[in-house]
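Comments concern the structure below.
Coordinate-derived values only; no laboratory data. Owing to the predicted nature of the structure, the values given are computational and were not obtained by experimental measurement. Cβ sites come from the backbone with ideal geometry, for glycine too, and all protein chains shown count toward neighbours.
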Amino acid sequence: MKKRQFKTESKRVLDLMINSIYTNREIFLRELISNASDAIDKLYYVSLTDKKLKIDKDKFSIRIDVDKDKRTITVSDNGCGMTEEELENNLGTIAESGSLHFKEENKEQSDVNIIGQFGVGFYSAFMVGSKVRVETKSYKEDKAFVWESKGIDGYTISNSDRKENGTSITIYLKEDTDDDNYSDLLTEYKIRSIVKKYSDYIRYPIVMEVENSRKKEDSDEYETYKELTTINSMIPLWKKDKKKIKEDEYNNFYSDQFFDYSNPLKVLHFNMEGNVNYTALLFIPSHAPYNFYTKEYEKGLKLYTNGVLIMDKCSDLLPDYYSFVRGVIDTEDLPLNISRETLQDDKNLKLIAKSIEAKIKKELTSLLEEDREKYEEFYKAFGMQLKFGIYNDYGMHKDKLMDLIMFYSSNDKKLTTFKEYCSRMKEDQKDIYYACGETIDKIDLLPQVSSVKDKYEVLYLTEYVDEFTLKTIGEYEGKKFVNVSSEKMDLLSDDEKKEIEEINNDNKEMLEFMKKSLDDAVINVKFTNKLKDHPVCLTSEGDISVEMEKVINAMPTDDKITAKTVLEINKNHKIYDKLRKLYNDDKEELKKYTKVIYYEARLIEGLPIDNPTEMSNLMCDIMANK
Ligand code: ADP
């Protein structure tokens, strides 16, 4: 017998399970049944290509045995089983995907969330058991093994004389306490109701010895007898009549299959008939999985053909921008023994993918139109993904997605679509205005924004992808997107333009002097009449805005860029006269003022200041001289 230690991360999961505050402990059975069903699937799949394997698929089943005296529950399957190495790898370490949960970033999540977010899997047996015994024989070899563990302290592996391939998992139930009644799980009624609730659709029969009674022959008396009975309906949920499915069933199925214990936001259950035939049961989650916006997240739908699971995550069925969709596709239009390589190029698979994409788009559009609150919840979780979708692939998909995205609007102080924005545009308004910043509040305070928003609606862009998204879209219904901080922002009347041009001309030398004193950090210093009461602002010329400069420079590459910035000073502010006076009387002092003004403008934009000490010294100098 070999004694082993669990890997560190497994210990943490085990610890979570054993001391779980998770109330929904009955799901352990669902997890074991689900593993058993997967194991049978695997064996079945192998047998399709490996003709040497003599498998009678009609004999596939999952069996549950309850022993009241020993206080054990055993779940057995005649699936693929495990070799010693597989036992070690599968039950000694938690699955790779699960281990990610324990990265630092998720530390603040509660236990329940952690349990809820990934397949609690095999270890959930320890939520109800003080000891777990796994007896298994792989179809690949004649050796069989027993794995045993009482929890944290490790596990042992020893030989077994099991002959049939498959796995039996026996749970030795914990003792009942005042708070927890485990003995309940030993009743037929309880087991049946758990199976019904979570595992009814499992495609293989789940059998159990059930007590029946019958009339004795030649007598009026009854006798009880035991009989193996199938306790699940075996019809996959997606094959059932939609009208007969309760919301709960969808929710249970979803959490079982996709390890998300929050109910989905939307369920799409449909049959497609035509060029290609398939049944789909798709879910839009209500929140982004913990790793959604990371490389670790894998998109894809479960793909069944003729009821056999061909692929657990078929990524070709979903475009990246809809990668959040989870679900199952079942079709008869793909060959059973299709390989992953040929699958990619399969004409029917492409047709199915196209049709699914259209369906998702349609559903999202109607959610947006008919249930705004729900759509906003969706958008909060996955809006970013849609925006990525717009600017990825050189904007190839923008037309499909641009009506699904929203931005905060200065007008109604909530999210708005481009369509809605355009429908409210003033007659004299040519462009769609937007401003960028870290938060809504900060944008609202920007000098450039306050001068525009009283008259026109402004979209507030707070995510780093936002401006890139608009640049990719380019135009919406023939209207350009204009950053209120760019030189393209032009709301002045001809007279006003003329007036400010003259002022700038008259002060040409002085402005040039100011620009020089900033060591050409800006491409221009000029007076403006665009700002209401604010003294200064920083705007940009050309294609790169200040916000884009921030985003690109925050990326871990060496390619740094600088926006071409212009320091604009309000000619209606008192500072105007002061600057002019200094230019005549004290040019050294003007240099200091210019620097301070420039630093202020950078601060307002949320840009860093290279030399804060200099700024502080300059300000104090100026105050002391006053
Ligand atoms: P998951 O099922 O999410 O991978 P589990 O912790 O439930 O995680 O199981 C870990 C692994 O152990 C499975 O991926 C599978 O390879 C193996 N396993 C579990 N139960 C069985 C079983 N009944 N038959 C064969 N292999 C199993």
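When every Cα-Cα distance of segment 122-222 is counted in 5 angstrom steps from zero, the calculated P(r) takes the values 2, 10, 14, 15, 17, 16, 11, 6, 5, 3, 1, 0 percent. Rg ratio for segment 2-230: its Cα radius of gyration over 2.2 N^0.38 Å, N being its residue count, equals 1.09. The C-alpha atoms of the chain define a longest principal axis, and helix 494-506 lies at about 70 degrees to it.
Each residue in Thr136, Thr167, Thr462 was given a count of other beta-carbon atoms within 10 angstrom of its own, and listing them fewest first yields Thr462, Thr167, Thr136. Using a cut-off of under 16 Å, list every residue of segment 297-332 whose amide N is near the label point 7 Å from the Cα of Lys242 along the Cα-to-beta-carbon line. Those under the cut-off are 328-330. Close amide H contacts of His269 (hydrogens built in the peptide plane, cut-off under 5 Å, sequence separation of 5 or more or a different chain): Leu282. Size descriptor for the chain, Kirkwood hydrodynamic radius: 29.6 Å (Cα pairs only, one decimal). For every other residue with a beta carbon closer than 11 angstrom to the beta carbon of Ile231, add +1 if it is Lys or Arg and -1 if Asp or Glu, then tell me the sum. Net charge around Ile231: 0.
Please work out whether segment 237-371 counts as rounded, prolate or oblate from its C-alpha gyration tensor, where a ≥ b ≥ c are the square roots of the eigenvalues and a/c under 1.5 means rounded, while otherwise a/b larger than b/c means prolate and anything else oblate? Because its axes are fairly even, with a/c under 1.5, segment 237-371 counts as rounded. For segment 488-626, rounded, prolate or oblate, judged on the Cα gyration tensor with a ≥ b ≥ c (square roots of eigenvalues), a/c < 1.5 rounded, else prolate if a/b > b/c? Oblate is the answer for segment 488-626, as a/c is 1.5 or above yet b/c matches or exceeds a/b.
Its convex hull of Cα atoms gives segment 185-261 a direction-averaged projected area, equal to a quarter of the hull surface, of 7.2 nm². Calculated [222 nm] ellipticity per residue, helices only, for the chain: -11500 deg cm²/dmol; basis is -39500 (n - 2.57) per DSSP H run with n ≥ 4, divided by all residues, nearest 500. Taking amide hydrogens as placed 1.01 Å from N in the peptide plane, the amide H of Tyr304 sits under 5 Å from those of Ile310, Ile329, Asp330, Thr331, each at least 5 positions away in sequence or on another chain. Couplings for segment 232-243, taken from phi via the Karplus curve 6.51 cos²θ - 1.76 cosθ + 1.60 with θ = phi - 60°, read 10, 8, 6, 8, x, 3, 5, 8, 7, 5, 3, 5 Hz in order; Gly and Pro are left as x.
Each Lys and Arg contributes +1 and each Asp and Glu -1, all at the Cβ; summed about the Cα centre of the chain, the dipole is approximately 660 debye. Across the chain, the relative contact order, built from alpha-carbon pairs under 8 Å that are at least six residues apart, equals 8 percent. Couplings 3J(HN,Hα) of segment 410-420, computed from phi: 5, 6, 9, 6, 8, 5, 9, 8, 5, 4, 5 Hz, in residue order, whole Hz [Karplus 6.51 cos²θ - 1.76 cosθ + 1.60, θ = phi - 60°; x for Gly and Pro].
Taking amide H as placed 1.01 Å from N in the peptide plane, Lys240 has no amide H partner under 5 Å among residues 5 or more places away or on another chain. Shown here for segment 340-445: trypsin sites (Lys or Arg not before Pro) in loop regions (DSSP other than H, G, I, E, B) with at most 14 other Cβ atoms within 10 Å, namely Lys413, Lys414, Arg424, Lys426, Lys430. Karplus-based coupling profile of segment 588-604, in residue order and whole Hz: 4, 5, 4, 4, 4, 4, 4, 4, 4, 4, 5, 4, 4, 4, 5, 4, 4, with θ = phi - 60° in 6.51 cos²θ - 1.76 cosθ + 1.60 and x standing for Gly or Pro. List the lysines whose Cα sits under 20 Å from the Cα of Lys430, skipping any in the same chain fewer than 8 residues away. Result set, ordered by chain and number: Lys419, Lys453, Lys455, Lys471, Lys479, Lys480, Lys488, Lys497, Lys530.
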